[in-house]
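Here's the structure we're looking at; comments come further down.
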Amino acid sequence: MSLNLIQVILVIFVAFLAGVEGILDEFHFHQPVIACTLIGLVTGQLIPCVILGGSLQMIALGWSNIGAAVAPDAALASIASAIILVLGGQGREGISSAIAIAIPLAVAGLLLTIIARTISTGIVHLMDSAAKEGSFRKIELWQIAGICLQGLRIAIPAALILALGAGPVKALLSAMPDWLTGGLAIGGGMVVAVGYAMVINMMASREVWPFFILGFVLAAVTEITLIGLGAIGVSLALIYLTLSKKGGNGNGGSSSNTGDPVGDLIDKY
Amino acid sequence: MANQVKLSKRDRINVWWRSTFLQGSWNYERMQNGGWAFTLIPALKRLYKTKEDRSAALTRHLEFFNTHPYVASPIIGVTMALEEERANGTPIDDVTIQGVKVGMMGPLAGVGDPVFWYTVKPIIGALAASLAISGSIVGPILYFVVWNAIRMSFMWYTQEMGYKAGSKITEDLSGGILQDITKGASILGMFILAALIERWVNVDFSPVKVSSIKQSAGAYIDWSKLPSGAAGIKEALIQQSSGLSLTEYKVTTLQDNLNQLIPGLAALLITFLCMWLLKKNVSPIIIILGLFVFGVVMHVLGVM
């Protein structure tokens, strides 16, 4: 389907917002479940976009900017794949191929982020000279310029896809044979594991693995909702913290230097 | 003293709002420094009036800074308290202020990452995503509202806490509370992650038929003997609910066998494989693309 002028402007605005949030990480407009929904909202294809957003959110759960590392770019992935889904006009049918398109886009977005962060290095040098003048106004302007730069990072690619139009996008999607889209849907079911694996690698310690096992086994009981599992998890954490403190008091000094820094700190507490 | 300069609540609200844009000029040289200076401007404007003072203040706040964007708030609070004292004549030098910033940003990032990125975000995200996948608009709304309510109240509360406690906050935070939060978050995180792997990683070997046994008469619904029309449908449903099979052949797929063993075992193994590859420094993007290729190949081979 093709979009009218107002829709085009709104889509580019949403893309800009997602780009800004991709770096700020505050309101989370760049998270797939929100970004895709907003694109769906302004283009009138709400439900397929919500479903796409939900699916991408599952894949992107573990993507986050830690320290200087840049995560695969959820902003470009969500915005561009949602636009392609809308332009393709296949509705729900197009969701699995849109998910597959999103992944290379996340890599492309990563490169754009690195470029934007490098340009920002120049911006802070301009801030340095503004500081020498004691000018608050200039620092504010440069900060806003930096933010806009991040917004354009997504808005420009979005505008390019819109400029290409529905025709080529549709042709590309319908040219994909069934074995490919079917296989990509299967792959899409598995790739969420990568995000989880990243998070586990950061959090795991010998102490917390038993809780992993508990969670895995309890999840097989389909009657327990995710909220229910959350409640069980919170309770387990509270019980563990309380008990480990009580145990610590009993052992006193004997348990110091056991090679378990957290245990030692709990003892001190 | 009569001419003490104090930061008003309005100044602190301004700073809180600006801290939303902390990462806006994130750069490879000094990371969040530009956003940090930008955030503090309302406070610095109130405290310093001469050009020299302002210039010096801005320069010292353009030093390297990087932490988790939300836990920057208590550091902002403490820094405001220190700047306020300095503006009122207490001898606090640049080194002290920079020292407090650097000293707090490391340990606090160590709390912010597991709590926000690895616990709150995956849990809210998974909840919202599971609603959204079923086509419900409640999913995205829930994510947006809950996430921002938690984030904004956390940032305001900790900034105020930092401002009121001043430099004492560093001591408070190095106590047990910080460790407890981190530990509790990683317990909850591991628990929920395992549940998410079981529920949301789809590895399905259904196309692989392990066995196909012809069942004895009476164990399945004999469709040719059903009455026609609605009565037939009713009869078929009654027979099915009394345990009769729908088909003449009982098909057992590889997936059925795996489910009897441990439901979600394949998903777990895929996750462990990913963890191992990540530890070997294989890029996550390569792994994701690899899984897509694997999916296509297995689909073509008729295994998945």
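The values are calculated or read from the model by the stated rules, or taken from the named source; none is laboratory data. As the structure is a prediction and not an experimental result, all values here were calculated from the model. With ideal geometry, Cβ positions are generated from the backbone for all residues, glycine too; neighbour counts draw on all protein chains shown.
Listed here are the residues, each with its yes/no results for (1) under 14 Å from A:GLY188 (Cα atoms); (2) at pLDDT 90 or above.
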residue	(1), (2)
A:LEU46	no, yes
A:PRO72	no, no
A:GLN90	no, no
A:ILE95	yes, no
A:ALA98	yes, no
A:ILE101	yes, no
A:VAL107	no, no
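Test of understanding: among B:THR50, B:THR39, which residue is at pLDDT 95 or above and polar (S, T, N, Q)?
B:THR39
Among helices (runs of 4 or more DSSP H) lying entirely in segment A:160-245, which contain 1 or more residues that are among the basic types (Lys, Arg)?
Values: elements: A:166-174, A:178-203, A:209-219.
Here the list reads A:166-174.
If you go through segment B:32-51, how many residues are at the interface with chain A (Cβ under 7 Å from one of its Cβ atoms) and either of a type outside the set (Lys, Arg) or in a loop (DSSP other than H, G, I, E, B) (or both)? Steps first, please.
Residues of segment B:32-51 at the interface with chain A (Cβ under 7 Å from one of its Cβ atoms): B:33-35, B:37-38, B:41, B:45, B:51.
Then drop every residue that is not either of a type outside the set (Lys, Arg) or in a loop (DSSP other than H, G, I, E, B) (or both), which leaves B:33-35, B:37-38, B:41.
So the count comes out to 6.
Would you check which residues across segment A:118-150 are surrounded by 17 or more Cβ atoms within 10 Å (Cβ to Cβ), in contact with an Asp or Glu (Cβ under 9 Å, 6 or more places away or on another chain) and closer than 16 Å to B:LEU22 by Cα and list them?
Across segment A:118-150, the qualifying residues are A:SER120, A:VAL124, A:GLN150.
Looking only at residues in segment B:111-144 that are hydroxyl-bearing (Ser, Thr, Tyr) and part of a helix (DSSP H, G or I), which one is modelled with the lowest pLDDT?
Filtering segment B:111-144 for residues hydroxyl-bearing (Ser, Thr, Tyr) gives B:118-119, B:130, B:134, B:136, B:143.
Okay, now just the ones that are also part of a helix (DSSP H, G or I), so B:118-119, B:130, B:143.
On the way: B:TYR118: 81, B:THR119: 85, B:SER130: 87, B:TYR143: 96.
Result: B:TYR118.
Report the residue count in segment B:61-74 for those that are closer than 15 Å to A:ALA130 by Cα and either facing chain A (nearest Cβ under 9 Å) or in contact with a Ser or Thr (Cβ under 6 Å, 6 or more places away or on another chain) (or both).
Start the filter on segment B:61-74 by keeping residues that are closer than 15 Å to A:ALA130 by Cα, which leaves B:61-63.
Next, from what is left, pick out any that are either facing chain A (nearest Cβ under 9 Å) or in contact with a Ser or Thr (Cβ under 6 Å, 6 or more places away or on another chain) (or both): B:61-62.
Looking only at that region, the number is 2.
For A:LEU243, indicate whether it is more than 10 Å from every other protein chain (Cβ to nearest Cβ) and at pLDDT 55 or above. Explain how you work it out, then say what you get.
Numbers: more than 10 Å from every other protein chain (Cβ to nearest Cβ): yes; at pLDDT 55 or above: yes.
Yes.
For the structure I just gave you, tell me whether A:GLY228 is more than 7 Å from every other protein chain (Cβ to nearest Cβ) and crowded, with 24+ Cβ neighbours inside 10 Å.
Numbers: more than 7 Å from every other protein chain (Cβ to nearest Cβ): yes; crowded, with 24+ Cβ neighbours inside 10 Å: no.
Considered against the rule, which asks whether it is more than 7 Å from every other protein chain (Cβ to nearest Cβ) and crowded, with 24+ Cβ neighbours inside 10 Å, A:GLY228 comes out as no.
For segment A:116-166, name all the residues that are without any contact (Cβ under 8 Å) to a residue 24 or more places away in the chain and basic (Lys, Arg).
Across segment A:116-166, the qualifying residues are A:LYS132, A:ARG137, A:LYS138.
Condition (residue is under 24 Å from the mean Cα position of the chain (by Cα), among the basic types (Lys, Arg) and crowded, with 17+ Cβ neighbours inside 10 Å) applied to segment A:81-100: is it met by at least one residue?
no
Restricting to segment B:219-234, count the residues that are assigned to a loop (DSSP other than H, G, I, E, B), closer than 16 Å to B:LEU246 by Cα and among the hydroxyl-bearing types (Ser, Thr, Tyr).
0
All but one of (1) more than 7 Å from chain B (Cβ to nearest Cβ); (2) at pLDDT 80 or above; (3) crowded, with 19+ Cβ neighbours inside 10 Å hold for A:ALA219, so report the exception by its number.
(1)
Hey, any hits in segment B:8-20 for a residue that's within 11 Å of chain A (Cβ to nearest Cβ), under 18 Å from A:ILE139 (Cα atoms) and outside any helix (DSSP H, G or I)?
Here is the first cut: in segment B:8-20, the ones within 11 Å of chain A (Cβ to nearest Cβ) are B:17-20.
From what's left, under 18 Å from A:ILE139 (Cα atoms): B:17-20.
Next cut, outside any helix (DSSP H, G or I) only: none.
No, because not a single residue in segment B:8-20 is within 11 Å of chain A (Cβ to nearest Cβ), under 18 Å from A:ILE139 (Cα atoms) and outside any helix (DSSP H, G or I).
Report whether or not A:ARG137 is more than 9 Å from chain B (Cβ to nearest Cβ), closer than 30 Å to B:LYS51 by Cβ and in a helix (DSSP H, G or I).
Details: more than 9 Å from chain B (Cβ to nearest Cβ): yes; closer than 30 Å to B:LYS51 by Cβ: yes; in a helix (DSSP H, G or I): yes.
Criteria met by A:ARG137.
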